[in-house]
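Single-structure report; data block below.
The values are calculated or read from the model by the stated rules, or taken from the named source; none is laboratory data. Fair warning: this is a prediction, and the values are worked out from it, not measured in the lab. Glycine also receives a Cβ, built like all others from the backbone with ideal geometry; neighbour counts cover every protein chain displayed. These accessible areas exclude ligands, DNA and RNA; they are computed on the full protein's heavy atoms, side chains included. Shrake-Rupley method; radii C 1.70, N 1.55, O 1.52, S 1.80 Å.
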Amino acid sequence: MKAPIKPLGYSVLVSLISAMAAHPAWAQVLAIAPAAASQPADALDVTTNAPLPALGATTHKINHDDRATPLAKTQPTHWLAQGENEQAVITDVQITPTSEGLTVTLISEQALANGTSRVEGNALITEIPNARLALTNATAAEQFDPADGIALVQVSSLPTGGIRVVITGTEAPPEAEVSAQADSWVLSVVPGAAATGTEAPDAIQVVVTATRTEESVLDVPRSVTVIEREQIEQQLSFTNNLPDVLGKLVPGLSAPPFTNSTSELALRGRPVVIFIDGVPQTPNSNGNAADLRIIDPALVERIEVLRGPSAIYGDGGTGGIINIITRAPTEDAIAYTFSTGASTSLTSFGGDSFGYNVQMGVSASDEQADGLLSLSYDAVNSQYDADGDRIIPTNVSDTSRLGLLAKLGYNFDEQQRLALTYSFYRDSLDTEFIPDERITQVPGLQKGRTFRIGSVDYESEPRQINHVIDLTYRHANVFGSELNAQFYYRDRELVQRFTDLRLNPLSQLPILDPFPDVWQTGLDATEWGGRLQMDTPLSESASLLWGVDYSSERNNRPLRVSDNAAFDANRELNIVDTSLTQGGPYTLRSVGLFTQGSWDITEQWQISGGLRYENFNVSVDDYRLAFVTTSNLPRERQGGDNNFDDVAFNAGLIYRPIPEIGLFANFSQGFSIPDVGSVLGGVASTFDINSDLLLEPQKVDNYEVGIRAEFGRVQATVTGFYSESDLGNSIVIDENGLGTLVRAPQRNYGVEATVDWQPSNTWRLGGLFSWNEGENDVDEDGDFDPLGSVNVQPYKVGLYIENDTTPGWTNRLELLAIGSRDRAADEGIDDVAIDGYVTVDFLSRIQLGGGQLTLGIGNLFNNQYLPVATQVLTAPGVEARRAAAPGRTVSLRYAIEF
């Protein structure tokens, strides 16, 4: 839907506010969508505001630009007939090849009403409302490959009355011209011409994460995965949890964890760092690591994943970078989006497994300014596994989420632009269930089960609140260079649900006597920073990117200790002590200087490389440690300051022996400081910040070779990698279920592959494969032992097949296979081997009312299994948290843009 907008820039803001407050615009759109059956000769077509053809017109041409275009009729008597709602009976369909294409003739003794046409993909669709089929030969209504350039002609009845004529081109939608006789309706069809010449700029997949500038993915000598909006929409039919979406679609990333935590998401065996529009979202110490539960997926345009270490954005990213790109304002004067959906478990249908979601947004633009405002809300109630048992709370079930995204942009001229983005996100937990710790008394490993404790009166409700402000400025020509500047501010507050240590078997350990009994963990993290970069062309084939980054983060993980008596008597969580922390409050400052160059030597050869100098300053306050054992008393710890710095390099090479194939090789280094809060949470009372090895930064060397191939209907990639570090970061779970940070030489290696094939215009299939392994040398004797499955997960295979069953109706099957892994168990690193599993999901979507209706069935065959992320929880202290995966679920979602 479009409407005029004032030429002044501030009018964009006025339009956004008034549009959200006014009567819902989609109600107006849906009200005018049906084409009128009878109109005077000078009437306006509501879909185009163009006059309808004169009554005496004999033909009307339909081309690719037509959308819901009314078709002309030849005789005034026909208009009178349709005004009386007379239904024409079509007795025959004749499909006849011609020298230019073909004709489709509908035979009827009655007049046919005014029809409408539209284009969907390669199909030209014409609908006639006052007709029905009564064919003597039903096979005449469908022909495959009736002429060169035409794949299919179909004439069928509409469920709501009327008929539909669909003509599908092989390479492009056909063009047609309609004419009417006294006893027939004729559509003359000419095959459409496929696009030729240089590929359109918007057809080239552009990424920004890999190089900090807009770059074709084919020109990046790295492994990059781009998840487009359509793929995100598909996965929303199965889950709204981004860790599960990414675990399913990204090679090298851990399997879907079915929790909100990213601590179980390792990329190539190492941690990832999260960005939203280039703003860092991963606090140095992040407690529950819920870094992907900070934006609603409905507000995301695409997700770029740089696989492998990179220092291009500074600290972190030794496993890779995940950059979430939010939706941009429309190029239309004004546009609206609306979606709503519902889901439920089929193993415990309805009731408290029912969930729902809604999103609405408006965006506007003119030549000088643009803006976007979007609001989303969803509620996920209880989840059930394939056996029909309630799944223990995983911070995905029993949650409600509220998201807001607002954008304003102003173009001073063709070269200068200023943009402001604000995002708000609140994720709340409300459940009457906790993991049942009594299962540890049952012999053998059990899946987690729930224990109902009823309603809890929280003084601090379990929630995560995230605010992000992002201000960017671009100048396309500053002494011949393009300048990009960014200032950002992020604030996150996290409060977890309560823990009652008295219910846990670990409470019997004497060394844990100093632990509180009932508490809530949390996180308070704020960060502000800026980036300044210049992209300087050195020649037509070479450029140099250079600049500086700065960030300052304040981090604390406070513990909220509650009164035991009030909790036992009334389930009240009254906070009585906030002086303890899981890791001392501290400030982390970072300054980075970088330069990055690229040179297209020839059309076949391209080289790139650069370096980054990074300096960290850590300043720790004195603090009182919450979780201290009897041997580490007293609680008091002394703070201090320390500095770290290093230089990271990268170099890449691309060779294209033919245009369809690209070979690439890459060396890159990642530089990362450890989780300071976790280190501070486990140190002895004699800790010295200036000499503790656990705070030493990690530097990772990564070597990668790969190939990309694009042969028309086939696209494929294969990549091999090897990474090593003298001082790695890995987590080891001890016999009590407590995690310990291990710093030792570490190496990771693996293979990743993707393939996509479009055998025809209606069929698409493909998949991915990833396998990786890793070892470390804890005693530094040169003998490397396998890393545990917390850090290195089994191989992953993903397959899909998709079919456009009819124009506007698509069906899709997806398979995810996770392999087994026993290497760490055989060496005594893991307590048990990891069992593999296979799941299948089904998706069906159909164009309806100008939008899209989608049916999703997750875990189609109702396979009962535990995801890898919970299979590793085998110790008595964590066994109760071995959550099973959801069983068969169904969802229905409708989305429309207008």
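Remarks
- For the stretch 207-321, the antiparallel share of DSSP beta bridges with both residues in that region comes to about 85%.
- Judged by the gyration tensor of its Cα atoms, with axes a ≥ b ≥ c, the chain is prolate; a/c meets the 1.5 cut and a/b is the larger of a/b and b/c.
- With contacts taken as Cα pairs under 8 Å and at least 6 residues apart, the chain reaches a relative contact order of 10 percent.
- A 1.4 Å probe run over the protein chains yields, for the chain, 42 Å² of accessible area per residue, whole-number rounding.
- A simple spin-label model places the labels of residue 517 and residue 835 3.8 nm from each other, with each point 7 Å out along Cα-to-Cβ.
- Distances between placed amide hydrogens fall under 5 Å for residue 865 paired with 386, 885, all partners being 5 or more residues away or on another chain.
- The chain - share of DSSP beta bridges that are antiparallel (%, nearest 5): 95 percent
- Two-site FRET efficiency, residue 660 against residue 438, from Cβ-Cβ distance with R₀ of 60 Å, rounded to 0.05: 0.45
- Nitroxide proxy distance, nm - points 7 Å out along Cα→Cβ at residue 493 and residue 651: 5.1 nm
- The count of lysine pairs in the chain that are at least 8 places apart or cross chains, and whose C-alpha atoms lie under 24 Å apart, stands at 6.
- Shape category assigned to the stretch 418-521 from the gyration tensor of Cα positions, a/c cut at 1.5: prolate
- GluC sites (Glu not before Pro) restricted to the stretch 301-367 and DSSP loop, no more than 12 other C-beta within 10 Å: 331, 367
- Probe 1.4 Å, all protein chains present, accessible-area order of 667, 275, largest first: 667, 275
- Efficiency of FRET between residue 98 and residue 230 - r from beta-carbon atoms, R0 30 angstrom, step 0.05: 0.25
- Using the Cβ-Cβ distance between residue 604 and residue 471 with R0 set to 45 Å, the FRET efficiency from 1/(1 + (r/R0)^6) comes to roughly 0.65.
- When both the stretch 576-637 and the stretch 242-258 are represented by their alpha-carbon centers, they are found 25 Å apart.
- Centre separation in Å (Cα based) which lies between the stretch 753-831 and the stretch 145-160: 40 Å
- Cα centroid separation - the stretch 844-881 against the stretch 553-569, whole Å: 33 Å
- Of 313, 613, the residue with the largest accessible area leads and the full order is 613, 313 (1.4 Å probe).
- Electrostatic dipole magnitude of the chain [Cβ: Lys, Arg +1; Asp, Glu -1; Cα centre; debye, to 20]: 1460 debye
- Per-residue HN-Hα couplings for the stretch 455-462 [Karplus 6.51, -1.76, 1.60; θ = phi - 60°; Hz; x = Gly/Pro]: 6, 10, 8, 8, 6, 10, 5, x
- Accessible surface of the stretch 88-190, 1.4 Å probe, proportion on carbon and sulfur as whole %: 47 percent
- Taking 467, 475 and ordering them by how much accessible surface each has at a 1.4 Å probe, largest first, produces 467, 475.
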